[in-house]
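Working notes, beginning with the structure itself.
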Amino acid sequence: MWLAHIAAGLSIGSYTHCLEGFLLANAFHHLPSVDQLIVDTGLVKKEFHDAEMHTPFFALGVAAVTALFSWKYALLALICIGTHLLMDLPTDTGLMLLYPFSRRRFTLKLVKNTNGWGLRGFYRQKWAIILETPIWLFFLYRLIVTLVFGLYARFI
């Protein structure tokens, strides 16, 4: 669901109606994937990806820190990171949903994880297209609604 993460972040951000919220929504949504960038540097083993930063515990931690500044943005963080986790659940890697109490991974095993940037192999899987198409359609809907109402608001 690599490319659909972009559409999801943009869609969620479109509900904030301000540039700061839009940017934060996208940052929060993509925050768990920072672990892949760390893996790509060679500082950690590939098992670091989809581990601790892909857990509800991480989402709650980010939301708790964010709540020190804004409860609205803390809720946004929970929604964005939670959406990211739901979108990663179909991969065969699985997510540690009960972390820190258990390191057991849960998965729907609908698509094979192609490790980060393996777009070509990922999109050869039928479930990848089936799962991502509605996300992209929703993004296009939000784009049209945002543009139409944005222009409409300027003329009234």
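The values are calculated or read from the model by the stated rules, or taken from the named source; none is laboratory data. Please read all numbers here as calculations on a predicted model, not as lab measurements. Positions of Cβ are backbone-derived with ideal geometry, glycine not excepted, and every protein chain shown enters the neighbour counts.
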Please list, ordered by first then second residue, the pairs with beta carbon atoms under 6 Å, 6 or more apart or interchain, first in segment 37-66 and in contact (Cβ under 8 Å) with a residue 60 or more places away in the chain and over 18 Å from L98 (Cα atoms), second among the hydrophobic types (A, V, I, L, M, F, W, C) and in a helix (DSSP H, G or I). V39/F48; K46/V39
Whether any residue in segment 16-27 is surrounded by 19 or more Cβ atoms within 10 Å (Cβ to Cβ) and more than 26 Å from I130 (Cβ to Cβ) is what I want to check. yes
May I ask you to verify whether Y15 is outside any helix (DSSP H, G or I) and out of contact with any His (no Cβ under 6 Å at 6 or more places or on another chain)? yes
Which residue is modelled with the lowest pLDDT, if the candidates are limited to segment 76-103 and must be farther than 16 Å from F58 by Cβ and either in a loop (DSSP other than H, G, I, E, B) or of a type in the set (A, V, I, L, M) (or both)? D92
